[in-house]
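Asks: Dropping a structure here in structure tokens format, bear with me for questions.
Laboratory data are not the source of any read-out in this text; all were calculated from the coordinates shown. It should be emphasised that the depicted structure is a prediction, and the values quoted were computed from it without experimental measurement. Positions of Cβ are backbone-derived with ideal geometry, glycine not excepted, and every protein chain shown enters the neighbour counts.
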Amino acid sequence: MRFGVLGPLAVWDAEGEEVTVPEVKVRALLADLLAHEGRPVSADRLIHDLWGDEPPGKPSGALQAKVSQLRRVLGRERVVRQPPGYRLWLDGDAEEVDAERFRTLVTEARPVRDPRARAALLTEALQLWRGPAYADFADAEFARGAAQRLAEQRLSVMEEQAEARLEAGDQVLLAGELADLVARHPLRERLRAVQIRALYLAGRQSEALVSYDDLRSRLAGELGVDPSPLLGALRQAVLRQDPALTATLPPTPPPTLPSTST
């Protein structure tokens, strides 16, 4: 059995067929347990997460009923009673959750020297995403922290993938593809650096400089800061058409991908 949190909550059986988890509170219970990555969650916490400030008349019994419904779908052995509450049993060696598979692929990609092979692994990792993490519980307090951390990890991997593709010589396609991502995340300097280099290497020097000027204006207006010295040096290199810009892109030390547990 596999579980998906990189998008709407999903469950698949051993044959890859999607398993239906009925009723929104049962789905919320599963999402809550998945957000805790196999660690026990107290009954009080689960009750609050499922019903908020309006718990049912017999909250413990209501929670037990939802647990029973979830067990009927997943199997009794999956939802383990462990004081002070419950936990989801996960096989740590099987990468049963898509978020764990995502982290594994990224970890495998980073030491790969060939940029095309590295980009391929990072692309495979990104293709696991079906939408925003925990998409159907975006407003739920129990999922918010994990969803935000996964979103940041996804964006960092997108930047790494773009760097690998640029190193592999895909600047023409990349220059066009990055426009939308930069528009959605205009203050990310690492992303801008890849875009500026891709535009320059694609023969679009003026657009590369416009991207830098846009970043500088936004940083000054929204944060009251200037671009980093590295970005400033990149701008100067573009202005003087530095031959070093056509050299292999030096790898940026990637951030670690921590657990998304709350």
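Asks: Can you give the angle from 0 to 90° between the axis of helix 189-201 and the longest principal axis of the chain, with both taken from C-alpha atoms, to the nearest 10?
Replies: Its long axis makes an angle of about 40 degrees.
Asks: Whole-Hz ³J(HN,Hα) for each residue in segment 181-187, computed from phi via Karplus 6.51 cos²θ - 1.76 cosθ + 1.60 with θ = phi - 60°, x for glycine and proline: what do you get?
Replies: Karplus values, whole Hz, x for Gly and Pro: 5, 5, 4, 7, 9, x, 9.
Asks: Still on this structure: For L187 paired with D91, estimate the spin-label separation in nm (one decimal), with each label point 7 Å from Cα along the Cα-to-Cβ line.
Replies: According to this spin-label approximation, the distance is 4.4 nm.
Asks: For E15, E37, what's the fewest-to-most ordering of other Cβ within 10 Å of each Cβ?
Replies: Lowest to highest Cβ neighbour count: E15, E37.
Asks: How much mean residue ellipticity at 222 nm does the chain get from its helices, if each DSSP H run of length 4 or more adds -39500 (n - 2.57) and you divide by all residues, to the nearest 500 deg cm²/dmol?
Replies: -18000 deg cm²/dmol
Asks: Order of 90-99, 203-212, 222-231 by packing, highest average Cβ count within 10 Å first?
Replies: Order by mean packing, descending: 203-212, 90-99, 222-231.
Asks: How far is the Cα center of segment 37-69 from the Cα center of segment 103-143, in Å?
Replies: If we compute the Cα centre of each part, the gap is 31 Å.
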